[in-house]
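Only one structure is covered here, and it is reproduced in the block below.
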Amino acid sequence: MAIRRLTNSLLALTLLFFCACGKDDDTVPTAETYLEGTNWVPGRVKKLEEHIYLDETYHVVYVVNYPAPDVGHSASEGHRAWYFNFDTHKVVDSAAAVDGLATWHIMFNSIYNSQINADAATAEGKNGVGKIRVIRTAFDELSAAPADSMIRNSVPISFDMNDIIDSWGYYQFSNHSLVPYKDRSLIFLLKDRRYVKVELVNLYKDNPATAPDYQDPNTKNLAPYFNFRYYVQGTAGSLDLKTK
């Protein structure tokens, strides 16, 4: 009888232990926290310099609210070309970039700096390196670059949400606003054959869910501000672009 009671007691303790463990396993995961002042940058990032952050877990660089040249001025003055180097995560002097005295990988120009350009080695429409393409897949869901040839030197903003020309977003004439697509990624094939994955999150300051009213006199102070993230594949020729 004593042995039976001891066996039953051990069984009860074992069940209690597993029940307790089960409750712990059912704990709701902690929600993602964001960098202060943002609604899209993970709180775990490390600040590299003003407007530039690094997610050391996934090796993703975040460019946050980086003001475009002459932001806040009239349209004729506020859409000057802006050059950036993925490796140094720094802005490149435009004169040096044009003269070939500085390395750049991505350049924004045109209306609200909405056109994205790559430092291509061959003409538009010709296969080569230093190219860019649009993929209809969200940033973290895109795990590999396509292996087929790349021919685009630039990606202009679409002027219709159903535009057959792929872009990162579209321009609404009705209220003169920029609307980013939520399921698009940009792939760069650099001249040294490394691939880079990019998401242009927004060109409005603080990434608002809805573009500010263009009739609001303060709108010109909200755009363009560069908000994008990118991941550089360090091995030339590797198609692996996993970030999760």
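The values are calculated or read from the model by the stated rules, or taken from the named source; none is laboratory data. No experiment lies behind these values; they were computed from the predicted model shown. All Cβ positions, glycine included, derive from the backbone under ideal geometry; neighbour counts span all protein chains shown.
From the set of residues in segment 145-182 that are of a type in the set (A, V, I, L, M, F, W, C) and loosely packed, with under 15 Cβ neighbours inside 10 Å, which is modelled with the highest pLDDT?
If we take residues in segment 145-182 being of a type in the set (A, V, I, L, M, F, W, C) and loosely packed, with under 15 Cβ neighbours inside 10 Å, then ALA147 is modelled with the highest pLDDT.
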| said: Just to check your reading of the model, which residue among ILE52, ILE111 is modelled with pLDDT under 95, hydrophobic (A, V, I, L, M, F, W, C) and within 25 Å of PHE139 (Cβ to Cβ)? | reply: ILE111
| Among (1) over 15 Å from ASN65 (Cβ atoms); (2) free of Cβ contacts under 8 Å to residues at least 60 places away in the same chain, the one test that LYS191 misses | (2)
| message | If the requirement is being among the hydroxyl-bearing types (Ser, Thr, Tyr) and either modelled with pLDDT under 95 or over 26 Å from the mean Cα position of the chain (by Cα) (or both), which of these qualifies: THR103, THR57, THR7? | response | THR7
| note | Within segment 153-181, the count of residues that are among the β-branched types (Val, Ile, Thr) and closer than 15 Å to ALA223 by Cβ comes to 2
| field | Selection from segment 103-132 of residues that are polar (S, T, N, Q) and assigned to a strand (DSSP E or B) | value | ASN109, GLN115, ASN117
| query | Among the candidates GLU50, GLU56, which residue alone is of a type outside the set (A, V, I, L, M), surrounded by fewer than 16 Cβ atoms within 10 Å (Cβ to Cβ) and touching a strand residue (DSSP E or B) at 6+ places or on another chain (Cβ under 7 Å)? | reply | GLU56
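Of all residues in segment 143-191, which are of a type in the set (Asp, Glu) and within 13 Å of LYS131 (Cβ to Cβ)?
Passing the criteria: only ASP148.
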| note | Within segment 84-142, of all residues that are of a type in the set (A, V, I, L, M), in contact with an Asp or Glu (Cβ under 8 Å, 6 or more places away or on another chain) and free of Cβ contacts under 8 Å to residues at least 40 places away in the same chain, the one nearest to GLU199 (Cα to Cα) is MET107
| said: Need the failing condition index for GLY128 against (1) of a type in the set (Gly, Ala, Ser); (2) out of contact with any strand residue (DSSP E or B) (no Cβ under 6 Å at 6 or more places or on another chain); (3) closer than 14 Å to LEU241 by Cα, just the number. | reply: (3)
| query | Which residues, counting only those in segment 65-88, are at pLDDT 95 or above and under 23 Å from THR103 (Cβ atoms)? | reply | TYR66, TRP82, TYR83, PHE84, ASN85, PHE86, ASP87, THR88
